[in-house]
1. Of all residues in segment 112-128, which are assigned to a loop (DSSP other than H, G, I, E, B) and either among the β-branched types (V, I, T) or surrounded by fewer than 24 Cβ atoms within 10 Å (Cβ to Cβ) (or both)?
2. Go through (1) over 19 Å from the mean Cα position of the chain (by Cα); (2) under 23 Å from L262 (Cβ atoms); (3) surrounded by fewer than 19 Cβ atoms within 10 Å (Cβ to Cβ) and name the single condition R147 misses.
3. Out of all the residues in segment 33-44, which are buried (at least 24 other Cβ atoms within 10 Å of the Cβ) and touching a Phe, Trp or Tyr at 6+ places or on another chain (Cβ under 7 Å)?
4. Say we look at segment 338-358 and pick out the residues that are part of a helix (DSSP H, G or I) and exposed (fewer than 14 other Cβ atoms within 10 Å of the Cβ); which of these is nearest to the ligand (Cβ to nearest atom)?
5. Here is a check on your reading of the model: is A311 part of a loop (DSSP other than H, G, I, E, B), without any contact (Cβ under 8 Å) to a residue 40 or more places away in the chain and closer than 19 Å to S5 by Cα?
6. Among strands (runs of 3 or more DSSP E) lying entirely in segment 131-200, which contain 2 or more residues that are more than 18 Å from A60 (Cβ to Cβ)?
7. I'm trying to understand the selection: among the residues of segment 216-238, which are away from the ligand (no atom under 16 Å from the Cβ) and either assigned to a helix (DSSP H, G or I) or at pLDDT below 95 (or both)?
Amino acid sequence: MSTSSLLTPVRLGALQLKNRVVMAPLTRLRAAQPGDVPKPMHAVYYGQRANPGGLLITEATDIAESARGYPGAPGMYSAPQVAAWKRVTEAVHAKGGLIVVQLWHTGRISHSSMHAGGALPVAPSAIAARGQHMTAQGKPVSFEVPRALSLEEIPTIVAQYTQAIKNAREAGFDGVELHAANGYLINQFMEDGTNQRTDRYGGSIENRVRLLLEIIDSAAAAWSADRIGVRLSPGGSFNDMKDSNHEALYDYVVTHLSTRGLAYLHVIEQRESPDTPAGTATSDVAAKIRAEFAGPVIAAGGFDQVSATAAIDAKHADAVAFGRAYIANPDLVERFRVGAALNPYDRRTFYGGDERGYTDYPTLEASASTT
Ligand SMILES: Cc1cc2nc3c(=O)[nH]c(=O)nc-3n(C[C@H](O)[C@H](O)[C@H](O)COP(=O)(O)O)c2cc1C
């Protein structure tokens, strides 16, 4: 088996890539407060990870103030945020890289301390996630019971996504990724453990997937379907998610997304725990979806260079996204090219803080000059 197929070109909709190594979306919680504005160090961080013809996906980014769920996550709804993102896209484009922004609404994975007037988080139904979340002040508390969105409010959610997509385009992004994975708002609508609505957005699979499809159709009209990717986590239980028949649900989702001419589907393989070592991944979930989806598939979750190459060679995926490895290795593609060892990641600096654990992981070149 050769390791070279990871470094061959691939086309994801309008995105023409020179390699199949993608930076996974990675929340780092370092945006300036108040305002959720990316800092100059965000441009440094993404610029360091850019490579000619390579694709970066940003950290999840709020579509609106009411979408916030984590203090320090950036937004895509204010003029200062758009201006700051412009500096990020310029830094990536200066190195010949491509960058799409992952857009999210956290739904019930939030806390009232993060919303104007202490308003409760919103969700498809008034069902609290089991477990704990952080307040705006960083205090761990049990999840609150969210407020169920009224039928009349749902067009506002679609409009907020559409505006965020227009803002992303203005900020110079090459596309957007809709976060329909990991138990956030779109995913909460999709699965019946979190959606018990009795209107046209709940009940049947068709009704539960309606919000996702409406957002995609509105986004495609506002920009272009071949610049929109969608991230899914079939069978995932993160953020207390469950569905009574996820096979049927995801078959429906993939069938209907196939007709939209999207840039890609991005699929998360399920891992045992957040620290499951890289290289233990299978590409089973991606393989199933790639067989059904009329378009390119990115696989993610627990891959290393060998297992990623195997997934590409077996045609289980068209590209592979790397998360933890990309945090610690700004020159990940170059390391794959030359077969170099990877820097280990430090989980303590994943979320929040300053440049430490963010822009100070060394490249091969930097390591060579200091040894
Ligand atoms: C620090 C951290 C932040 C993450 N943030 C996001 C996120 O914002 N959006 C998302 O879809 N997934 C997020 N993930 C999941 C990653 O994109 C990826 O699926 C996961 O790390 C597994 O891939 P890996 O084994 O290559 O790390 C995050 C993971 C980590 C470790």
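The values are calculated or read from the model by the stated rules, or taken from the named source; none is laboratory data. This one's a predicted model, so the numbers in the text were calculated from it and none came from an experiment. As a convention, Cβ positions derive from the backbone with ideal geometry for all residues, glycine included, and neighbour counts pool all protein chains shown.
1. Our first condition is that a residue be assigned to a loop (DSSP other than H, G, I, E, B); within segment 112-128, this holds for 115, 119-121, 124-128.
Within segment 112-128, H115, A119, L120, S125, A126, I127, A128 qualify.
2. Of the numbered conditions (1) over 19 Å from the mean Cα position of the chain (by Cα); (2) under 23 Å from L262 (Cβ atoms); (3) surrounded by fewer than 19 Cβ atoms within 10 Å (Cβ to Cβ), the odd one out for R147 is (2).
3. Taking segment 33-44 first, the residues buried (at least 24 other Cβ atoms within 10 Å of the Cβ) are 38, 42.
Of everything in segment 33-44, just one residue is buried (at least 24 other Cβ atoms within 10 Å of the Cβ) and touching a Phe, Trp or Tyr at 6+ places or on another chain (Cβ under 7 Å), namely P38.
4. Narrowing segment 338-358 to residues part of a helix (DSSP H, G or I): 338, 347-349.
So of that shortlist, the ones also exposed (fewer than 14 other Cβ atoms within 10 Å of the Cβ) come out as 338, 347-348.
Details: V338: 20, R347: 8, R348: 11 Å.
Step by step, filter segment 338-358, then rank; the result is R347.
5. Values: part of a loop (DSSP other than H, G, I, E, B): no; without any contact (Cβ under 8 Å) to a residue 40 or more places away in the chain: yes; closer than 19 Å to S5 by Cα: yes.
No.
6. Details: elements: 132-134, 140-142, 175-179.
Output list reads 140-142.
7. I216, D217, S218, A219, A220, A221, A222, A225, D226, R227
Residues are listed down the side, and each one gets a yes or a no for (1) within 16 Å of the ligand (Cβ to nearest atom); (2) in a strand (DSSP E or B); (3) closer than 11 Å to I99 by Cβ:
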residue: R28; (1), (2), (3): yes, no, no
residue: P34; (1), (2), (3): no, no, no
residue: V44; (1), (2), (3): no, no, no
residue: Q48; (1), (2), (3): no, no, no
residue: T61; (1), (2), (3): yes, yes, no
